[in-house]
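What follows draws every value from the coordinates through simple rules; no lab data is involved. The model shown is predicted, which means the values in this text are computed figures rather than measured ones. With ideal geometry, Cβ positions are generated from the backbone for all residues, glycine too; neighbour counts draw on all protein chains shown.
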Amino acid sequence: MNKQRFIVLLQVAFIVVAGWNLYKFAENTSTSANDGQNEVVDSNGVVYTFEETPTRIAITNTYAATVMKMLDANLSSVVGVSGDFENDELWPEFASVPMIQNSAHSEIDFEALLDVRPDVYIVFATNGMVDTEAIRQKLTPVGIHVLALDFYKYDSLRYEIGVMATLFDRQDESERLFSEFDEIEALIASRASNISLEERPSIVMEHHASLTRDPVVLTGTSQWTDLIEMAGGTNVFSDLPGHTTHVDLEAIIDSNPEVLMFDGITFEIGYDQNDPENKCSTHMLSIRDRPGFDKMQAVENDRMLVLAGEFAGPMMVHGLPTLAQHFHPSLFDDIDASSYLDGFFADVFDVERKGTFICES
């Protein structure tokens, strides 16, 4: 049977079973791949039960794959990836693994996905650029279970790591990892807990969407509020609803923050990247040129930071000392914050950290 005929037959089968399966899916938000004794619940509240660790997994975002490495899970089970894994130094295991989509946010190449025959497809749970529910409705009827996990929200990070630990039978490794988290957080808390409210710098954290339109800020339900507060700062927009929200320039001016932070996912900074086009500096200058920003504390005192995308993912706890040191230099000056970042890349990826991870004004 040639490949084209196989795809046609699959499409026919999809049409026949889709109605029934989608009806059952709508009737019960919990689905399972097979009967078994092990069970995990993803961040959409969907259940996956299994007898054995899955041996055929499609994974398209680096955060989930990073957690697999943090847990020392078997990466040979990954049969499909996205173009986000192009760095062979960080992801040598995936150099010859078929690509099933261009990036974690792009459309799935369903023909390529069916070719690799995964049992499980791991996807973001709440990312606004990924329609997780639509993906689930397309893949569930053809026998591919969609496991939705984010790994970029502090309040769910440990839970989601726990899901992966159960899935890959790496509970001992997750306990070791959580002990490491506890140690880092306790170190920062031992000092930050004594900082008075008046001594905590006011922070505005802008999302990378701010680069092309009106300011979008990170709010109280984002991981950044947790990390900012743990590091001894105050997110001035923590009381606004949603993970991110638009605000007027006047709202930022009125808050007069002491520190302006920017999510640097769209900048060429991070591992093995050094902002070759100097976009960080260009961005800082454009912020200074915003009407009314020239008298803002953060601008006048050169306290603007662009943080690499790694700080927004599973590395967030290891990045906490760096954040605390920027907020309170004298209080944390004896801590080697860079060593926690170095250790993360050495332990997880077995590489020496290189690149620019923070741009400062």
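Tabulated data for the structure shown
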| item | result |
| --- | --- |
| Distance between modelled label sites at ASN274 and SER286, nm, 7 Å Cα→Cβ extension | 2.4 nm |
| Principal axis dimensions, largest first and in whole angstrom, of the chain by Cα | 69, 43, 40 |
| Two-site FRET efficiency, THR245 against SER338, from Cβ-Cβ distance with R₀ of 22 Å, rounded to 0.05 | 0.10 |
| Inter-part distance where the stretch 279-330 and the stretch 40-55 are each reduced to a Cα centre, Å | 38 Å |
| Karplus 3J(HN,Hα) series, Hz, for the stretch 96-110 with 6.51 cos²θ - 1.76 cosθ + 1.60 (x for Gly, Pro) | 10, 7, x, 8, 10, 6, 5, 8, 5, 9, 9, 5, 6, 8, 5 |
| Computed [θ] at 222 nm, deg cm²/dmol, the chain (DSSP H ≥ 4; -39,500 (n - 2.57); rounded to nearest 500) | -12000 deg cm²/dmol |
| Rg to Rh, two decimals, where the stretch 182-360 supplies the alpha carbon set and Rh follows Kirkwood | 0.95 |
| Simple label model, 7 Å out from Cα along Cβ direction - ARG117 to ARG176, nm | 3.4 nm |
| Ascending count of other beta-carbon atoms within 10 Å, so fewest first, for ARG170, ARG290 | ARG290, ARG170 |
| Taking HIS105, HIS207 and counting other C-beta atoms within 10 Å, the order from fewest to most | HIS105, HIS207 |
| Residues GLU258, GLU206, sorted so that the one with the fewest Cβ neighbours within 10 Å comes first | GLU258, GLU206 |
| Antiparallel bridge percentage (DSSP; both residues within the stretch 182-360; nearest 5) | 45 percent |
| Amide H contacts of PHE151 (H built 1.01 Å from N, under 5 Å, at least 5 apart or other chain) | none |
| Integer Hz, Karplus 6.51/-1.76/1.60 couplings in order for the stretch 266-276, x for Gly and Pro | 8, 8, 8, 10, x, 4, 6, 10, 10, 6, x |
| Over the chain, relative contact order from alpha-carbon pairs under 8 Å, at least 6 apart, % | 14 percent |
| Distance between modelled label sites at ILE253 and GLU229, nm, 7 Å Cα→Cβ extension | 3.0 nm |
